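Shown next, in structure tokens, is the structure this report addresses.
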Amino acid sequence: AVAPVAPVAPVADGPSGGPGVDVGSRLTTNQGLRIADDQNSLHAGSRGPTLLEDFALREKIMHFDHERIPERVVHARGAGAHGVFRLTRSLERFTRAKLLTDTSATTEVFVRFSTVNGSRGSADTARDARGFATKFYTSEGVWDLVGNNIPVFFIQDAIKFPDLVHAFKPEPMLELPQASTAHNNFWDYISLTPESMHMIMWVMSDRGIPRSVRMMEGFGVHTFRLVNAAGNSTYVKFHWKPTLGVHSLVWDEAQKLGGVDPDFHRRDLARAINDKQYPQFDFGVQLLAERDVAKVGFDILDATKLWPEEVVPVVRVGQMTLNRNPYNYFAETEQVAFHLGHVVPGIDFTDDPLLQGRLFSYLDTQLNRFGSANFHQLPINQSHAAVNNYQQDSAMRYANHPGNVNYEPNSLGGDATEAPASKGGYVSYPEIVSGPKARARSATFSDHFTQATLFFRSLTGPEQQHVIDALRFELGKVSAPAVKHRMLALLANVDGRLVHEVAVGLGLPTPGGKVATGVKPSPALSEDRTPKSPHT
Ligand code: HEM
């Protein structure tokens, strides 16, 4: 079993106040005035009322009263680290992005690992997907790769996301977390959403309870596009492969750790960096020529499908090392703002309807989180490439474009913002789109079970048993019989033995469906040959 680890010593780099903060030994007000007494407010007489005049008291209390900002609506609980990314193999044939072509460059990064479901104060080891978001501070601007530790997602279209999240967040009447009580809402929603079955297999597997964030894979999930200097496009999926291998807890450990040490993952990450056991991840790409899309057998715009790695191998082209803990949780890990729309020339989008919706959601929610449009000026979010435009003002703005010209086009202030493609300006890939407007889903998105079956059958015997046990545990907490029956009907489409074992565990009859074939362990879906931990 994994024992809780000792508290983390102060980070090796030593405390620093961060940008603009002097951590001297003298207390001051926010105006820099030295404070003589920070423990007693200003009274009329030693036992009399406090005076309105006490500016130091009012400043201190006012600031405290406003310390909180809204937590993220999803992925609220996270832990971050700084690091560097080095490219080992140029992708020049496929992209003109400098960070993916210049093998001599070192790109600074900030990574935030998170759970999806829990609130900011929830336990690290809960069964859940994990966020794996990376901000690359490239010479051409910020690129954010906002991924998860699971290569597929629950839903195919972003319009379903609010319902999915409502169903898995605490139920609305008593705000009881679904994970510890009824489970009704989540499984009700899932039982009516067959497209989620592939993701459900992953979340119910050992992948849903990682041993450490240092031992997780990361996936960009969507199909993206790389575009080279000649303007040619190649489809791409992005991957992170931990050099420590992929390791998980077992459910019993995860539950106990959730009580004994709810900070298990963030402590583990910080301690490893503090001890110079720097977490490392290989960066890989799956590349697919436009003419080869049929090879993967599924619609590449469907985020509930992966590209089997034995069909489209993952080519490792770089490595990320996380080597510095944040100086301050709030300033960096809480205030970092990731967004899929942060791209650099040579990286572009596809029409995946989940991806397209995400392109709206992140900036929108961050406006709510920060209360101002200027969060890009926070140090953790600042581009390391020069920022130059005429956007101005709004709350908490601390720098505007200098000079007397704040519009374009202009002839008085110089050609401030125009950078044609030939000079590195971002140009969207000129994909040709056509067709009638329709609220419809392509028929190519309709196979919800083949990859769920492939995944389940690729697991070893003990790993399959963990999925069965997880489903028995989860569905065993559902009090609505109709939900259990619908879930069994969906599982029957995945694997005959799986549904039978789960039904037996629930004391319910097994519905008909796919007959279990000889269940033999196979590495079918993964090229990962790193040793498995005894915990998986
Ligand atoms: C946050 C990944 C789908 C909306 C996040 C974060 C990650 C992530 C890693 C945490 C970022 C951080 O650490 O700050 C994913 C993946 C998805 C997905 C891999 C599917 C492939 C969606 C969809 C929507 C959405 C479909 C909405 C339409 C959000 C929002 C946040 C968030 C609102 C909070 C952002 C913030 O407050 O900064 N997502 N997400 N996500 N995601 Fe997603």
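Scanning the stretch 289-306 for residues that are at pLDDT 95 or above and surrounded by 18 or more Cβ atoms within 10 Å (Cβ to Cβ) yields a count of 9.
Kindly indicate whether residue 169 is over 24 Å from residue 262 (Cβ atoms) and of a type in the set (D, E, K, R).
Against the criterion (over 24 Å from residue 262 (Cβ atoms) and of a type in the set (D, E, K, R)), residue 169 does not qualify.
The set of residues in the stretch 451-491 that are in contact with a His (Cβ under 9 Å, 6 or more places away or on another chain) and small (Gly, Ala, Ser) comprises 452, 476, 479. Could we say that residue 466 is at pLDDT 95 or above and in contact with a strand residue (DSSP E or B) (Cβ under 9 Å, 6 or more places away or on another chain) here? Criteria met by residue 466.
From the list 95, 115, 103, the one residue that fits, being closer than 20 Å to residue 223 by Cα and out of contact with any helix residue (DSSP H, G or I) (no Cβ under 7 Å at 6 or more places or on another chain), is 95. Check whether at least one residue in the stretch 273-294 is under 28 Å from residue 380 (Cβ atoms) and in contact with a Ser or Thr (Cβ under 6 Å, 6 or more places away or on another chain), and report yes or no. Checked against the condition, which is being under 28 Å from residue 380 (Cβ atoms) and in contact with a Ser or Thr (Cβ under 6 Å, 6 or more places away or on another chain), the stretch 273-294 yields at least one hit.
Residue by residue, here is whether (1) near the ligand (Cβ under 9 Å from one of its atoms); (2) among the aromatic types (Phe, Trp, Tyr); (3) on the phi < 0 side of the Ramachandran plot holds:
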position	(1), (2), (3)
311	no, no, yes
317	no, no, yes
324	no, no, yes
332	no, no, yes
339	yes, no, yes
346	no, no, no
354	yes, no, yes
368	yes, no, yes
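Only one of these is more than 30 Å from residue 254 (Cβ to Cβ) and within 30 Å of the chain's Cα centre (by Cα): 463, 431, 408, 474. Name it. Steps first, please.
On the way: 463 fails: more than 30 Å from residue 254 (Cβ to Cβ); 408 fails: within 30 Å of the chain's Cα centre (by Cα); 474 fails: more than 30 Å from residue 254 (Cβ to Cβ).
So the residue among 463, 431, 408, 474 that is more than 30 Å from residue 254 (Cβ to Cβ) and within 30 Å of the chain's Cα centre (by Cα) is 431.
Matching residues to (1) part of a helix (DSSP H, G or I); (2) surrounded by fewer than 18 Cβ atoms within 10 Å (Cβ to Cβ); (3) modelled with pLDDT of 95 or more:
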| site | (1), (2), (3) |
| --- | --- |
| 331 | yes, yes, yes |
| 341 | no, yes, yes |
| 398 | no, yes, no |
| 401 | no, yes, no |
| 408 | no, yes, no |
| 413 | no, yes, no |
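Quick test for you: out of 239, 222, 265, 183, pick the one residue that is modelled with pLDDT under 95 and surrounded by 21 or more Cβ atoms within 10 Å (Cβ to Cβ). Give the steps one after another, and end with the answer.
Working: 239 fails: modelled with pLDDT under 95; 222 fails: modelled with pLDDT under 95; 265 fails: modelled with pLDDT under 95.
Testing whether each residue is modelled with pLDDT under 95 and surrounded by 21 or more Cβ atoms within 10 Å (Cβ to Cβ) leaves just 183.
Only one of the numbered conditions (1) surrounded by fewer than 13 Cβ atoms within 10 Å (Cβ to Cβ); (2) under 30 Å from residue 147 (Cβ atoms) is not met by residue 39, and that is (2). Contact annotation: residue pairs with Cβ atoms under 8 Å, 6 or more positions apart or on different chains, pairing a residue in the stretch 152-163 that is closer than 20 Å to residue 202 by Cα and among the polar types (S, T, N, Q) with a partner that is at pLDDT 95 or above and within 8 Å of the ligand (Cβ to nearest atom), are 156/303; 156/354. Only a single item in (1) surrounded by 14 or more Cβ atoms within 10 Å (Cβ to Cβ); (2) modelled with pLDDT of 95 or more; (3) out of contact with any strand residue (DSSP E or B) (no Cβ under 6 Å at 6 or more places or on another chain); (4) assigned to a loop (DSSP other than H, G, I, E, B) is not met by residue 358, and it is number (4). Residues that are over 17 Å from residue 492 (Cβ atoms), in contact with a Ser or Thr (Cβ under 7 Å, 6 or more places away or on another chain) and part of a helix (DSSP H, G or I) within the stretch 439-474 comprise 458, 463, 466, listed in sequence order. Take the residues in the stretch 92-128 that are more than 30 Å from residue 199 (Cα to Cα) and of a type in the set (A, V, I, L, M), then tell me which one is surrounded by the fewest Cβ atoms within 10 Å (Cβ to Cβ). For the stretch 92-128, the residue satisfying everything is 105.
Going through 379, 353, 409, 345 one at a time, which residue ends up being in contact with a Phe, Trp or Tyr (Cβ under 7 Å, 6 or more places away or on another chain) and either in contact (Cβ under 8 Å) with a residue 40 or more places away in the chain or over 24 Å from residue 224 (Cα atoms) (or both)?
Numbers: 379 fails: in contact with a Phe, Trp or Tyr (Cβ under 7 Å, 6 or more places away or on another chain); 353 fails: in contact with a Phe, Trp or Tyr (Cβ under 7 Å, 6 or more places away or on another chain); 409 fails: in contact with a Phe, Trp or Tyr (Cβ under 7 Å, 6 or more places away or on another chain).
Being in contact with a Phe, Trp or Tyr (Cβ under 7 Å, 6 or more places away or on another chain) and either in contact (Cβ under 8 Å) with a residue 40 or more places away in the chain or over 24 Å from residue 224 (Cα atoms) (or both) holds for just one of 379, 353, 409, 345, which is 345.
Among the residues of the stretch 42-52, those that are free of Cβ contacts under 8 Å to residues at least 12 places away in the same chain and surrounded by 10 or more Cβ atoms within 10 Å (Cβ to Cβ) comprise 43, 44, 50, 51. Of the residues in the stretch 275-288, at least one is under 22 Å from residue 319 (Cα atoms), surrounded by fewer than 19 Cβ atoms within 10 Å (Cβ to Cβ), within 18 Å of the chain's Cα centre (by Cα) and polar (S, T, N, Q).
The values are calculated or read from the model by the stated rules, or taken from the named source; none is laboratory data. Please read all numbers here as calculations on a predicted model, not as lab measurements. All Cβ positions, glycine included, derive from the backbone under ideal geometry; neighbour counts span all protein chains shown.
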